[in-house]
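Please read the structure below before turning to the comments.
The values are calculated or read from the model by the stated rules, or taken from the named source; none is laboratory data. Note that the coordinates shown come from a computational prediction; the quantities given were computed from them, not determined experimentally. We place every Cβ from the backbone using ideal geometry, glycine too, and count neighbours over all the protein chains shown. Accessible surface areas use protein heavy atoms only, side chains included; no ligands, DNA or RNA. Shrake-Rupley method; radii C 1.70, N 1.55, O 1.52, S 1.80 Å.
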Amino acid sequence: MERKGKAFIISGPSGVGKSTVLKALFEGRDDLYFSVSATTRDPRPGEVNGQHYHFISPEQFMQWINEDAFLEYAQYVGNFYGTPMRYVDEAMEAGKDVILDIEVQGAMQVIAKRPDTIRIFIAPPDWDELERRLTMRGTDTPEKIQQRLLRAKVEMKTAMDYDYFVINSTVENAVAELRAIILAEHCRIDERMDELMNI
Ligand code: 5GP
């Protein structure tokens with residue numbers, strides 16, 4: 001039977017280490033597709049346009065909203081972020097699992113449109129560690145760091161609405177748990193109906 005692609009939302013507070021975990025998750029996995037978001041924020045050092053994000057102007061972002069090009073979009077700490085719909089659909093049709101690295105408001109919009117999307121929340125081991133990681137990154141002003149921490153506290157409260165909860169104590173653990181979740185979702189009985197009927 002042809003493998004159908006599934007969509008997985010991965011949310012978690014800014015600074016939780018999602019990018020590092022996702023980078024490791026994608027190693028050697030051409031069955032996974034990373035949904036590259038559009039954003040109006042400036043690139044961080046090392047971020048590549050079209051690979052980490054599509055870095056676009058607020059005007060361009062508004063145009064994409066008007067063209068209904070986003071599966072979801074949200075404002076986050078002063079910038080816009082959105083998921084271009086087309087690539088997600090194309091990847092899923094090609095049988096790939098799509099990973100959406102999006103914050104909680106966007107996650108709610110996706111679930112409203114596509115309730116079969118699987119939601120995974122990644123949390124830091126503790127708050128001190130989160131603040132340390134945000135500070136170490138060195139890309140935000142102290143004010144932005146405080147805004148991101150405040151937002152993180154609000155986001156943590158929504159974790160209960162998610163399907164899975166992963167603590168990023170080490171990258172290896174977090175990746176192993178994410179891989180287990182993706183694998184398990186493909187072993188669900190509704191996914192395996194054809195095989196069941198053919199035995
Ligand atoms: P950062 O600026 O640290 O790259 O991202 C800030 C937050 O925006 C993160 O929580 C990230 O998951 C989220 N984010 C990234 N892309 C999107 C998107 O397309 N839509 C939404 N709603 N959030 C996104």
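At-a-glance table
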| read-out | value |
| --- | --- |
| Evaluation of Gly95 against (1) of a type in the set (Gly, Ala, Ser); (2) in a loop (DSSP other than H, G, I, E, B); (3) out of contact with any Asp or Glu (no Cβ under 9 Å at 6 or more places or on another chain) (one fails), failing number | (3) |
| Residue count for the stretch 134-177, restricted to those that are surrounded by fewer than 18 Cβ atoms within 10 Å (Cβ to Cβ), under 23 Å from Ala74 (Cα atoms), modelled with pLDDT of 90 or more and of a type in the set (Asp, Glu) | 3 |
| Flag if Lys6 is more than 13 Å from the ligand (Cβ to nearest atom), touching a Leu at 6+ places or on another chain (Cβ under 8 Å) and modelled with pLDDT of 95 or more | no |
| Unmet requirement for Ala176, which otherwise passes all of (1) touching a residue at least 24 places away in the same chain (Cβ under 8 Å); (2) closer than 29 Å to Lys4 by Cβ | (1) |
| Test: residue in the stretch 39-48 that is open to solvent by 10 Å² or more (accessible area, probe 1.4 Å), in contact (Cβ under 8 Å) with a residue 40 or more places away in the chain and more than 8 Å from the ligand (Cβ to nearest atom) | yes |
| Ser19 within 29 Å of Thr135 (Cα to Cα), near the ligand (Cβ under 8 Å from one of its atoms), open to solvent by 40 Å² or more (accessible area, probe 1.4 Å) and not basic (Lys, Arg) | yes |
| Top-ranked residue of the stretch 39-64 - restricted to ones that are of a type in the set (A, V, I, L, M) and within 11 Å of Phe80 (Cα to Cα), ranked as nearest to the chain's Cα centre (by Cα) | Ile56 |
| Unique residue being within 18 Å of Ile118 (Cβ to Cβ) and within 14 Å of the ligand (Cβ to nearest atom) when the list is Phe80, Phe55, Phe34 | Phe34 |
| Number of the condition not met by Leu71 [criteria: (1) farther than 21 Å from Gly15 by Cα; (2) more than 11 Å from the ligand (Cβ to nearest atom)] | (2) |
| Residues of the stretch 49-82 classified as in contact with a Ser or Thr (Cβ under 7 Å, 6 or more places away or on another chain), open to solvent by less than 60 Å² (accessible area, probe 1.4 Å) and in a helix (DSSP H, G or I), total | 1 |
| The stretch 115-129, residues that are at pLDDT 90 or above and surrounded by 15 or more Cβ atoms within 10 Å (Cβ to Cβ) | Thr117, Ile118, Arg119, Ile120, Phe121, Ile122, Ala123, Pro124 |
| Pair list, Cβ < 7 Å and 6+ apart or interchain, from the stretch 52-74 residues that are basic (Lys, Arg) to residues that are buried (at least 16 other Cβ atoms within 10 Å of the Cβ) | none |
